[in-house]
């Protein structure tokens, strides 16, 4: 069957469309992590335009809200992983209304928390009222005893914060346990829940069995603050981010958020041991209202923690109404009340003037119609005028 020009054109278009639809296969990775640890995932693209989006999602639910886009990369942090976090994680690129899977990461969670390599597991948490830490000591075999200890600084006093005694767990020490802490002991698991997380709770936490150290968790805390909290002047608002302790290479970054995309404003990199790492940013040059910021902690290009803060210059603080906004609302209400009072006074004055005019007109009619009325009742005329004047002065 001969090929007509139309058929040739259709074949060429079909070939071109199939060629255009070809996508490079996504990068596939997988790893095994201990029960109770934190996991940070990252995927990169060579160039990410402003109209493109990059985010992580799973088969179960989309995780865009926990995804950070920064420097052509998408990051996601999973805190205190367990069996529910197992599965495939997909990094999706949305560009020109098409979706392409850039990376597929398979996560396997080991049922126990024992680290055979005896390496410290370092986690980061923001110091806030809604932040928490689950210290999970879970073994695959039974031990006669388990306990959690806390060493705030190297070579400092070691505090006993949780210990089993028989089948009961005694919770004691300087840290108040949270609601999810273990109260009974089954010879295989001991959980200590810290909620809320205070800035001075950083340090080294060890789960110790009757034969030695089972697992070690190092907690680093992050604190963000806004100064001053009660001043609406942009020139005086300063954001501060503090990291409790640094023992390795750490990058502290202030990001101004545009959706889930972070724009670098300030950063500090350190490779030296410090008791506290601090980074500040002045908001005097930013006009957007409100402003969303995140303090991010990176170690070797791995996102370890995010500490968000929202600034609204109209309400003058982060998260929720403030004393300044309350005063402003009160002033607006008082202004409206004054306007209403003025309108009422003007209306009353107009009514009084109208009544005064009618009364004077009526009195003049009576005077002109009957002369003896004016002669015999002269006092009444004076009383009438006096009454009107009195009423006007009262108003």
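Observations
- Spatial separation of Cα centroids for the range 245-315 and the range 186-228, in angstrom: 23 Å
- For 265, 238, order by how many other beta-carbon atoms lie within 10 Å, fewest first: 238, 265
- For the range 172-280, the convex hull spanned by the alpha carbon atoms encloses 187 Å³ per residue.
- Which of 282, 121 has the fewest Cβ neighbours within 10 Å, and the rest in rising order: 282, 121
- The calculated FRET efficiency for residue 170 paired with residue 199, based on their beta-carbon distance and R0 = 25 Å, is about 0.40.
- Cβ-Cβ distance of residue 50 and residue 116, R₀ of 45 Å, FRET efficiency by 1/(1 + (r/R0)^6): the value works out to about 0.45.
We did not get these values from a lab; they are worked out from the coordinates using the rules stated. Remember, it's a predicted structure, so these values are computed and weren't measured experimentally. So basically every Cβ, Gly included, is an ideal-geometry build from the backbone, and we count neighbours across all protein chains shown.
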